[in-house]
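Working notes, structure below.
The values are calculated or read from the model by the stated rules, or taken from the named source; none is laboratory data. Fair warning: this is a prediction, and the values are worked out from it, not measured in the lab. Cβ: placed from backbone, ideal geometry, glycine included. Neighbour counts: every protein chain shown. Calculation scope for accessible area: heavy atoms of the full protein, side chains included, ligands and nucleic acids excluded. Shrake-Rupley method; radii C 1.70, N 1.55, O 1.52, S 1.80 Å.
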Amino acid sequence: QVQLVESGGGLVQPGGSLRLSCAASASIFSLNAMGWYRQAPGKQRELVATVSRGGTINYGDSVKGRFTISRDNAKNTVYLQMNSLKPEDTAVYYCAAVGLLSTAWGQGAQVTVSS
């Protein structure tokens, strides 16, 4: 199963930007989709964004217009550019790799939006 490592999290002020990266241990070209999910304290994990093998992109309603997902198959890496960050974006962000039979998850990256 592919292993995923997230990086790029941290503390940022409201209105700021961060870029998360998710590096895969194997090729992501043939995977059904790659995506980002997040989980805030006391809340369920929710969809942030996904990108399919064919390039179809889907965003959660709360991040539309502010976040951008992209994938670089040559580098086996998926990115999440987060702009205009709000305190409610504070969460642990998880990378996911969706295969035919299973989904692999990264260990998570903490994003904290606070002044």
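By how many nm would the segment from Ser17 to Val98 lengthen if fully extended, with 0.36 nm per residue of separation less the alpha-carbon distance? Don't jump to the answer; show the numbers that get you there.
Numbers: separation 81, 0.36 × 81 = 29.16 nm, distance 2.67 nm.
Separation in residues times 0.36 nm, less the Cα-Cα distance, equals 26.5 nm.
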Inset, instruction - Could you go through the range 24-32 in sequence order and give the Karplus-derived ³J(HN,Hα) for each residue, using 6.51 cos²θ - 1.76 cosθ + 1.60 with θ = phi - 60°, rounded to whole Hz, and x for Gly and Pro? - result: 9, 7, 9, 4, 9, 4, 8, 5, 5
Legend entry - Mean Cβ count within 10 Å, highest first, over the residues of peptides 18-24, 72-78, 101-107: 18-24, 72-78, 101-107
Inset, instruction - Pop the C-beta distance of Gln110 and Ile57 into the FRET formula with R0 = 25 Å and round what comes out to the nearest 0.05. - result: 0.55
Legend entry - Mean separation of Cα contacts under 8 Å, 6 or more apart, over the residue count of the chain: relative contact order %: 38 percent
Legend entry - Rounded accessible area of Tyr37 (nearest 10 Å², 1.4 Å probe): 60 Å²
Legend entry - J(HN,Hα) series, the range 52-66, from Karplus relation 6.51 cos²θ - 1.76 cosθ + 1.60, nearest Hz, glycine and proline x: 7, 4, x, x, 6, 10, 9, 10, x, 4, 6, 10, 4, x, 10
Inset, instruction - Just the number, please: carbon plus sulfur as a percent of the accessible area of the range 1-59, 1.4 Å probe, no ligands or DNA/RNA counted. - result: 49 percent
Legend entry - Hz values of 3J(HN,Hα) by residue in the range 71-82 - Karplus curve (6.51, -1.76, 1.60), Gly and Pro given as x: 9, 10, 5, 5, 9, 6, 9, 10, 10, 9, 8, 10
